[in-house]
Amino acid sequence: MVEDSKLSGFFKLSRDERVKKLMEVTGLGEEDLEPLINPGKVDLDILDHMIENVVGAMTLPLGIATNFKVNGKDYLIPMALEEPSVVAAASNAARMARELGGFTATDTGPIMIAQIQVVEVPTPHAAKNRIMENKEELLKFANEQDPILVRFGGGARDLRVRIIESSVGEMLVTELIVDTRDAMGANAVNTMAEALAPRIEKLTGGRVILRILSNLAEFRLVRVRATFDKELLGGEEVVRDIITAWAFAEADPYRCATHNKGIMNGIDAVVIATGNDFRAIEAGAHSYASVGGYSSLTKYERDIDGNLVGSIEIPMAVGLVGGATKVHPVARACVKILGVKTALELGHIIASVGLAQNLAALRALASEGIQKGHMALHARNVAATAGARGDQIDVIAERLVMEKNVKVERAKELLDEITN
Ligand code: MEV
């Protein structure tokens with residue numbers, strides 16, 4: 001958390017100046033930010049133990065999204081991704097939301113589901129009842145598998161049993177509902193599910209095959225809403241067209257896939273920066289969007305003042321303890337920049353970025369299209385690559401776009417003109 005995430009003109013600074021500014025506003029020192037300032041210096045021995053057959057590392061650009069206010073607190077948001085415009089778009093949308101209070105986020109708690117698949121059950125309905133009769137004992141046994149989680153206030157909370165039809169016959173699915181606190185929780189719930197399996201076999205008379213978490217984390221939702229100022233958006237017609245663009249996604253899966261992809265542009269970038277499992281988040285998001293027919297993760301309405309009100313509801317299985325978040329030096333630095341204390345707080349921020357990203361995309365698509373902004377940013381990068389600094393970047397970028405010649409060689413010529 002920072003006092004003020006606006007950092008106006010941040011994008012105009014050189015990279016070194018941005019780092020200095022970041023240190024100034026977060027109070028972090030060079031040693032805290034070293035892994036992301038000098039990613040080449042990250043100890044490969046650390047990475048070597050994260051996966052198998054390691055030969056090197058893949059680095060992504062890491063940018064900082066500005067202007068975010070979530071539940072009244074300002075945050076600077078690290079985003080790791082390869083796609084231009086995303087960080088700028090998120091920052092721009094957050095600017096339009098902060099005028100009217102920023103993002104308001106709530107959650108349903110850090111609750112994961114683990115599934116135990118049982119086949120060849122002679123009397124599935126009676127077996128279901130037998131499991132529920134033994135619920136307390138089963139939950140107690142599950143909790144004995146993870147005393148640390150229980151000590152931190154988490155643990156197995158509930159059980160549910162479903163009988164499902166499949167192409168190979170009926171199956172009994174026992175689902176363990178676990179509060180995983182600040183962990184993403186995959187290890188905790190998988191361990192519990194594996195430990196419970198023999199007891200479930202005994203109670204049901206069937207045979208257990210799979211014991212694994214579900215990424216459709218429907219009990220681990222984050223809900224965010226924000227009001228975007230109509231004037232900053234570009235007026236009432238833009239508000240109308242954004243709502244119509246969103247309605248297109250609601251009505252058509254071909255459009256909706258791209259619409260939700262735009263949401264995930266922002267979400268994945270923060271998930272990756274903080275060392276979380278972006279495949280789990282992707283799986284959760286798209287499967288949740290498919291419940292009842294594939295649809296938009298966001299919704300848009302107009303309030304009585306004509307402002308645009310956006311909301312998002314999305315599973316958010318992210319953690320702060322364990323996994324790459326604790327091991328990877330860049331992820332640790334990113335968590336420090338965010339200043340978050342709990343996984344739920346991190347989830348609130350990530351879902352807010354998703355909403356901001358979606359609003360920015362819809363606004364661009366419903367007005368000038370995305371290519372103009374894209375080219376303007378690209379031109380800035382080209383100007384910077386050619387050696388332009390500070391105000392020179394804007395002047396040269398504007399000329400490049402005007403001349404429809406966004407090339408480093410031309411940027412160098414223009415820089416020569418300016419400096420001589
Ligand atoms: C591009 O990465 C994302 C967008 O296509 C999202 C959208 O169409 O809503 C711009």
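So the values come out like this:
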| item | result |
| --- | --- |
| 3 or more residues of a type outside the set (A, V, I, L, M) and in contact (Cβ under 8 Å) with a residue 60 or more places away in the chain: qualifying helices (runs of 4 or more DSSP H) within the range 316-420 | 329-338, 343-366, 370-385 |
| Filter pass, Y300 being farther than 25 Å from I111 by Cβ and within 16 Å of the ligand (Cβ to nearest atom) | yes |
| Verdict on V353 being surrounded by fewer than 23 Cβ atoms within 10 Å (Cβ to Cβ) and within 22 Å of L221 (Cα to Cα) | no |
| Residue that is nearest to the ligand (Cβ to nearest atom), among those in the range 53-102 that are under 27 Å from D43 (Cβ atoms) and in a strand (DSSP E or B) | M79 |
| Verdict on A126 being aliphatic (A, V, I, L, M) and closer than 30 Å to N276 by Cα | no |
| Filter result (surrounded by fewer than 16 Cβ atoms within 10 Å (Cβ to Cβ) and over 26 Å from the mean Cα position of the chain (by Cα)) within the range 203-248 | G205, R207, I209, L210, E231, G235, E236, E237, R240 |
| Residue check for I200: away from the ligand (no atom under 16 Å from the Cβ), exposed (fewer than 15 other Cβ atoms within 10 Å of the Cβ) and closer than 30 Å to A156 by Cβ | no |
| Whichever residue in the range 242-268 is small (G, A, S) and more than 17 Å from A93 (Cβ to Cβ) and, among such residues, is nearest to the ligand (Cβ to nearest atom) | A257 |
| Filtered residues of the range 285-307 (kept if surrounded by 20 or more Cβ atoms within 10 Å (Cβ to Cβ) and either touching a Lys or Arg at 6+ places or on another chain (Cβ under 8 Å) or not in a helix (DSSP H, G or I) (or both)) | S296, L297, T298, Y300, N307 |
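The numbers here are math on the coordinates, done by the rules we state, and not lab data. Owing to the predicted nature of the structure, the values given are computational and were not obtained by experimental measurement. Note that each Cβ is placed from the backbone with ideal geometry, even for glycine, and that neighbours are counted across all protein chains shown.
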